[in-house]
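Rule-based calculations on the coordinates, nothing more; no lab input. Since the structure is predicted, the reported quantities are computational estimates derived from the model, not experimental observations. Virtual Cβ from ideal backbone geometry, glycine too; neighbours counted across all protein chains shown.
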Amino acid sequence: MKILVKLSAILVLISFVGCSSISYHNDYDPSIDFARYKTYQWYSGDHVEGDALVGYPLVQKRLINSVDRVLTEKGYTEIKEGEADFVVILHAGLKEHTKMNTYGYGGYGYGRYGYGWSGTGGMATTDVITYDEATLVIDIANVLNKELVWRGTATGIVGSPEDDQAKAQAKADDVVGNILSTFPPEKE
């Protein structure tokens, strides 16, 4: 059963977009002149170790389509052969979290020698909740020196799978669009 939950969590990696608790972050090298970048290509080397997307090519393809669409809208051109200005690396991670909530219920009774009230006894209940959190990472690396120059991430709790493929693509577009909204970074 736990394996089935993990598999469905990977398949819905991008479905957390409906949850308002998605956090987006980015980081970049301020010494890079991003205005020079006009062309990109997809990284063709080995996958990042532990990449959650490796076994799920349909989810990965949906995300690649989203990245291509956003970069094209921003004026970048994908180069299939030859050398581009930057390389895009897409990967994801999945982490299981456990949260414990304890609720206490106090009791009341007569105070010492029958005067006043005092707290006595009570009960406590603890709920254990297990959930998966996914992080989608889009890395931009400089082709010339093969160094990471920009990274954008989205992290959120994995939700229910989307049966409608058009809706699933729309959710992927939304998450990727939010990640890439700060690429290229504004000059300081």
How far, in nm, would the chain grow between residue 102 and residue 81 when pulled straight, counting 0.36 nm per residue and subtracting the alpha carbon separation? 1.8 nm
Using 0.36 nm per residue, how much length does the chain from residue 36 to residue 174 gain when fully extended, once their Cα-Cα distance is taken away? 47.0 nm
Specify the inter-centroid distance of segment 16-74 and segment 146-188, based on alpha-carbon positions, in whole Å. 7 Å
What's the ranking of 129-138, 78-87 by average number of surrounding C-beta atoms within 10 Å, highest first? 129-138, 78-87
Take the residue pairs 99/167; 146/167; 99/146 and return only those whose Cα atoms are more than 32 Å apart. 146/167; 99/146
Residue 68-residue 24 FRET efficiency (beta carbon distance; Förster radius 22 Å; 0.05 resolution): 0.65
Tell me which aspartates and glutamates have Cα within less than 20 Å of residue 61's Cα, excluding those fewer than 8 residues away on the same chain? 46, 49, 51, 73, 78, 81, 139, 162, 163, 164, 173, 174
Pull out the extension gain between residue 95 and residue 44, defined as 0.36 nm times the separation in residues minus the alpha carbon to alpha carbon distance; nm, one decimal. 15.8 nm
